[in-house]
Structure formats: structure tokens, C-alpha cells
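*Asks:* Sharing a structure, written as C-alpha cells. Questions coming.
The values are calculated or read from the model by the stated rules, or taken from the named source; none is laboratory data. Treat the numbers as computed from the prediction; the structure is a model and nothing was measured. Here Cβ is always computed from backbone atoms with ideal geometry, including for glycine, and neighbour counts include all displayed protein chains. Only protein heavy atoms, including side chains, enter the accessible area calculation; ligands, DNA and RNA are left aside. Shrake-Rupley method; radii C 1.70, N 1.55, O 1.52, S 1.80 Å.
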Amino acid sequence: MKWWEERFLLDAAKMEKLYWNCIREAASGYHLTPNEISVLLFLRRYAPESDTATEMVQQLGISKALVARSVDSLHQRGFVQGERDANDRRIVHLHLCGEGIAIAQRLHQNGCRVVEQLRRDVSEEELQQVHEIMQKMQRNLDEILNNMEGQV
């Protein structure tokens with residue numbers, strides 16, 4: 001491994017730690033698990049286009065059991081509500097409700113503050129290059145994870 005590749009992995013881990021610290025700060029007082037936070041942020045970003053537990057499992061890389069447990073917990077606290085699909089009663093569409101809307105917004109805003117600080121002095125052109133590179137790396141990551149699942 002080249003020095004810059006190792007540095008990239010270390011920096012990515014530091015970025016994730018910074019992001020989650022800021023997100024947890026916004027969630028303080030609600031006793032939310034990281035998976036519950038992920039569900040709230042997912043629904044804030046993707047609902048109603050993608051709003052099922054199955055889509056969360058696929059996009060977040062969290063197991064079905066953890067997504068179900070998180071959704072149940074959030075539902076019990078009145079942060080998330082579900083509605084059965086009119087055409088297929090097996091499908092439940094989820095959406096934020098009550099205080100869940102404000103919590104998800106606060107989580108999102110804290111995440112945005114981190115991103116704003118990280119992108120300081122980075123041009124739009126450079127950001128576009130990073131985006132294109134990260135898309136390629138995301139495809140590779142998805143392939144690696146899919147292969148790992150097939151081996152387990």
C-alpha cells in the first residue's frame with residue numbers, strides 16, 4: 001500500500017468520526033442509537049421516493065434485524081410512522097412524524113456544518129472531481145461487500 005492510500009483510509013476514518021460526533025451531539029438527550037440516527041437521516045433525505053425498511057437495508061448496509069429494531073423503537077417514540085402500500089399490503093412506507101421531523105432536521109444541519117467546514121477552500125471543480133472518484137470507489141465498495149456476503 002502506498003503512503004497516500006493509507007493516509008486516505010486514515011483520513012476517511014477521521015472524517016467519519018468527526019461526522020458522527022457532530023451528529024450524536026445533535027441527538028443528545030434523545031438516547032438514539034447510531035442505527036436509529038441513520039434511519040432518521042435516511043427518511044429525511046430519501047422519503048417518499050425510498051421509504052421502506054428494505055431500501056434502508058440496501059442503502060445503509062445495516063442488517064434487516066437492526067433496521068426493524070430501529071424502526072420499531074422510533075415508532076414507539078412517535079418519531080416514525082408507517083403506512084401499508086395500497087397495492088401490496090406487505091410493503092410498509094415509512095415517514096418522519098412528530099418530533100422525529102425536527103430531530104432529523106437538526107441531525108442534518110449538524111452534518112451540513114461539518115461538510116461546510118471540510119469543503120472550505122475547495123473549488124466546485126475539485127468537489128466534482130472528488131464526487132466522480134468517490135462514485136467509482138463506491139461501486140468498488142459495493143462489489144466488495146456483495147462478494148463478502150456471498151462468502152458468509
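*Asks:* Report yes if some residue within the stretch 61-77 is closer than 20 Å to residue 138 by Cα and without any contact (Cβ under 8 Å) to a residue 12 or more places away in the chain; otherwise report no. Outline the logic, then answer.
*Replies:* Looking only at the stretch 61-77, we keep the residues that are closer than 20 Å to residue 138 by Cα, and these are 61-63.
Of the ones still in play, those that are also without any contact (Cβ under 8 Å) to a residue 12 or more places away in the chain are 63.
Scanning the stretch 61-77, I find at least one residue that is closer than 20 Å to residue 138 by Cα and without any contact (Cβ under 8 Å) to a residue 12 or more places away in the chain, so the answer is yes.
*Asks:* With the structure loaded, tell me whether residue 65 is among the hydrophobic types (A, V, I, L, M, F, W, C) and open to solvent by less than 80 Å² (accessible area, probe 1.4 Å) or whether it fails that test. Can you show your working first?
*Replies:* Values: among the hydrophobic types (A, V, I, L, M, F, W, C): yes; open to solvent by less than 80 Å² (accessible area, probe 1.4 Å): yes.
Taking the combined requirement at face value, the residue satisfies it.
*Asks:* What pairs come out if I take residues in the stretch 9-35 that are assigned to a loop (DSSP other than H, G, I, E, B) and among the polar types (S, T, N, Q) and pair them with residues that are open to solvent by less than 50 Å² (accessible area, probe 1.4 Å) and at pLDDT 90 or above whose C-beta lies under 9 Å away, six or more apart or interchain?
*Replies:* Note: pairs meeting the criteria are 33/70; 33/73.
*Asks:* Name the residues in the stretch 68-89 that are surrounded by fewer than 16 Cβ atoms within 10 Å (Cβ to Cβ) and hydrophobic (A, V, I, L, M, F, W, C), would you?
*Replies:* Within the stretch 68-89, 68, 86 qualify.
*Asks:* Follow-up question, since we're still on this one. Condition test on residue 127, is it of a type outside the set (Gly, Ala, Ser), within 18 Å of the chain's Cα centre (by Cα) and modelled with pLDDT under 95?
*Replies:* Spelling it out, it is not the case that residue 127 is of a type outside the set (Gly, Ala, Ser), within 18 Å of the chain's Cα centre (by Cα) and modelled with pLDDT under 95.
*Asks:* Quick check: is even one residue across the stretch 93-101 more than 13 Å from residue 40 (Cβ to Cβ) and out of contact with any strand residue (DSSP E or B) (no Cβ under 6 Å at 6 or more places or on another chain)? Steps first, answer last, please.
*Replies:* Step one: of the stretch 93-101, the residues more than 13 Å from residue 40 (Cβ to Cβ) are 93.
Still in the running and out of contact with any strand residue (DSSP E or B) (no Cβ under 6 Å at 6 or more places or on another chain): none.
Within the stretch 93-101 (the criterion being more than 13 Å from residue 40 (Cβ to Cβ) and out of contact with any strand residue (DSSP E or B) (no Cβ under 6 Å at 6 or more places or on another chain)), the answer is no, since none of the residues qualifies.
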